[in-house]
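Take a look at the structure below.
The values are calculated or read from the model by the stated rules, or taken from the named source; none is laboratory data. All of these numbers come straight from a predicted model, not from anything done at the bench. Backbone-built Cβ (ideal geometry, glycine too); neighbour counts: all protein chains shown.
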Amino acid sequence: MTLVRIAWRNIGRNKRRSILSALAVSFACAVLIFSMALQRGSYADMIYNTVHAHTGHLQVQRAGYWPDRTLARRVTSPDAIMAVVRALPHVRAVAPRVNAAGLVSKGKRTFGGLIFGIDPVREKALSTMADVIREGKYIEEGDREGVLVGSLLAENLGAGVGDEIVFLGQGADGSLAAGRLVVRGLIKTGVSEMDRTTLAAPLATIQDAYSMNGGVSEVAVLLDRDKYRHEVAGEIERKLRERGLTNAAVLEWPTLLPGVEQSIRIDWNSGLIMYAALVLVVGFGIANTFLMAFMERMHELGVLLALGMRPASLSLMVYLESVLLVLLGVVGGLAMGIPITRYFQVRGLDFGVAQETFAEYGLSPVIHPELSLLVLAWAIGIVVLISLAAAIYPAVKAARVKPVEALRHT
Amino acid sequence: MKLLEVGQLKKDYREGKTWVHALRGVDLQIGEGEFVAIAGPSGSGKTTLLNVISGLDSVTEGQVRFDGDDVTTMTPRQLTHMRLTKIGFVFQVYNLIPVLTAQENVEFTMLLQGVPAAKRKALSLDILSRVGLAGYGHRRPPTMSGGQQQRVAVARAIVTHPRLVLADEPTANLDSETGAKLLDVMKELNETEKITFIFSTHDPMVMDYSRRLIRVRDGRVDSDKTR
């Protein structure tokens, strides 16, 4: 017979109240597990969509290219790098690119634009550029003069499919870069910044125009899972070093797109605050239950003190009751939350109402919650921490009970 | 040998806006092995006197020496230890812990004392048998009669062989036959174990069983007779 056993039996005194309290904890825990998993799942989708939209999981650039992105700092042997990268496990696609800037004109209209030189076949395997064409068609292999234009830029230029546009910029060697392109398709990513500035033309055409001498700005790498990113980046660096390609740098998407990682972090942290607020409400309810259970037994607590129980032990016993009840609730929460989350992790949660909006931007309207140890640890941590904090008050009160006053309670 | 010495004991407490003078200068000496009843009408100060003797309540003025120690100057921790090791309690309404079995209730004070489990079990079964409850160890209080519960309370009070058992109206909720049986048990324990018993009571039967009867009235000792 220990304090734990007494505490356990005390929980069974008012079964209905204990069950309801445990259920409140269970419900809070299950809601947190599902919501957090959904949140993590949406991040996974966000990362998936972001890396597929353009950047890839990794990029091999020349050391010092990032963040100024000067054309002169180019990768001079893209084929050798691509051969190394393609041979690695978890690598799904590799695509070379030139990232140039210039003025784009049609008739009297001129706008600034970001001109990407792409390998149409490799780019199609890596990014969603081919999927976001709203009008016209994708650039075919061997096409030397075709260009895909962002829908807003095309609107500003007054250009449509089949129209000619000209570009003007500065080459890698400081020379004038200029050329004529024919609009093959209009792309709409949903990101107005991109739709207002983007042009994608055949790699060789842009390499020639911008005096890249066969070099590229970056080699984008798409992996089968984001979780291998760090491992593959390390492996690429090691292999490149082995082959003497020491002036290459491997950058991961959080470096290339710091905003995405920051927005994920902000969203996660604000989510944690919201969850804590939710559990706090549950915590007040639990505190009330614990306090009621404590007050109802005031006379009995007085007896225990009269018999020689130390106030600290009494406080511990009261607290243990709360701990056991919370643990029961957490077990219930796991029993509810894990199967539900797993079900939707497999089937996906369909936000069908917004299907058109999702589709327009090349996104899937189905989010798959991502259950992980991190999610479970956070959910359990928040629930346990707040619930047990709520139980401190009755425990402290128990430690301050005056035996003679408690014995007068009936 | 004096086990308990109370000198000019006063106890005042506040009840709402008025001060109650519960004890107004009690002088008392009780020796080891005595079987004493403190009788008096409601509000005469009987329970307050027991509370002060056991250190459950503080004194306003005066002295309480128990087993050679000045109870009035003890720290709460010392008082807790004193109650745990030297005093047993029997309350009017049994006050057993309802979630524990009869045997576990008896074991409880030994648990607090740190007595090993095997010894606790042996002692508790033995004492339950002595109070006529052999075979009732597994029963929980709500499934027992009032008399049985009070006998468990007595077993709990004496299992650790305390110097003193304070019994606050122990027969008040029992019929006379059950009350008499309980008093027989306590009397026998007093005679065989030499445990000192102090009762606060209204019950004439308890007064009859006691060798010494102290009557209190208005917070003072009115009479003190030994038979």
Checked A:A177, A:A159, A:A172 against criteria (in a loop (DSSP other than H, G, I, E, B), touching a Ser or Thr at 6+ places or on another chain (Cβ under 8 Å) and either surrounded by 14 or more Cβ atoms within 10 Å (Cβ to Cβ) or among the acidic types (D, E) (or both)); the one match is A:A172
Selected residue [under 21 Å from A:L71 (Cβ atoms) and touching a Phe, Trp or Tyr at 6+ places or on another chain (Cβ under 7 Å)] from A:A172, A:A130: A:A172
Consider segment B:97-151. How many of its residues are β-branched (V, I, T) and within 22 Å of A:L314 (Cα to Cα)? 6
For A:G41, work out the one condition from (1) touching a His at 6+ places or on another chain (Cβ under 7 Å); (2) assigned to a loop (DSSP other than H, G, I, E, B) it doesn't fulfil. (2)
Considering each of A:M298, A:M274 in turn, give the residue that is surrounded by fewer than 20 Cβ atoms within 10 Å (Cβ to Cβ), modelled with pLDDT of 85 or more and more than 14 Å from chain B (Cβ to nearest Cβ). A:M274
Does segment B:35-58 hold any residues that are touching a helix residue (DSSP H, G or I) at 6+ places or on another chain (Cβ under 8 Å) and under 16 Å from B:S223 (Cβ atoms), and which are they? B:A37, B:I38, B:A39, B:G40
Can you find a residue that is in a loop (DSSP other than H, G, I, E, B) and touching a residue at least 12 places away in the same chain (Cβ under 8 Å) anywhere in segment A:221-234? yes
Quick check on segment A:322-353: of everything there that is within 16 Å of A:G41 (Cβ to Cβ) and either part of a loop (DSSP other than H, G, I, E, B) or of a type in the set (A, V, I, L, M, F, W, C) (or both), which residue is farthest from the other protein chains (Cβ to nearest Cβ)? A:F351
When residues of segment A:181-229 are filtered for being surrounded by fewer than 19 Cβ atoms within 10 Å (Cβ to Cβ) and among the acidic types (D, E), how many remain? 4
Positions within segment A:305-321 being within 11 Å of chain B (Cβ to nearest Cβ) and among the hydroxyl-bearing types (S, T, Y), in sequence order: A:S313
Given segment B:20-117, what helices (runs of 4 or more DSSP H) lie entirely inside it while holding 2 or more residues that are over 24 Å from B:V152 (Cβ atoms)? B:46-53, B:76-86
Segment A:44-67: number of residues that are under 26 Å from the mean Cα position of the chain (by Cα), surrounded by fewer than 20 Cβ atoms within 10 Å (Cβ to Cβ) and outside any helix (DSSP H, G or I): 2
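Residues checked against (1) touching a Phe, Trp or Tyr at 6+ places or on another chain (Cβ under 8 Å); (2) within 14 Å of chain B (Cβ to nearest Cβ); (3) among the aliphatic types (A, V, I, L, M):
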residue: A:L20; (1), (2), (3): no, no, yes
residue: A:S35; (1), (2), (3): yes, no, no
residue: A:Y48; (1), (2), (3): no, no, no
residue: A:R73; (1), (2), (3): yes, no, no
residue: A:T76; (1), (2), (3): no, no, no
How many of the residues making up segment B:54-79 are within 22 Å of A:E300 (Cβ to Cβ) and either more than 12 Å from chain A (Cβ to nearest Cβ) or in contact (Cβ under 8 Å) with a residue 24 or more places away in the chain (or both)? 5
Segment A:170-205 - residue that is touching a helix residue (DSSP H, G or I) at 6+ places or on another chain (Cβ under 8 Å) and among the small types (G, A, S) and, of those, modelled with the lowest pLDDT: A:G190
Could you please find all residues in segment A:103-149 being under 20 Å from A:R180 (Cβ atoms), basic (K, R) and either in a helix (DSSP H, G or I) or in contact (Cβ under 8 Å) with a residue 40 or more places away in the chain (or both)? A:K106, A:R109, A:K137, A:R144
With at the interface with another protein chain (Cβ under 10 Å from one of its Cβ atoms) and surrounded by fewer than 19 Cβ atoms within 10 Å (Cβ to Cβ) as the only criterion, which of B:T109, B:T85 stands out? B:T85
Among the residues of segment B:88-106 satisfying the criterion of being facing chain A (nearest Cβ under 8 Å) and more than 17 Å from B:L189 (Cα to Cα), which is modelled with the highest pLDDT? B:E104
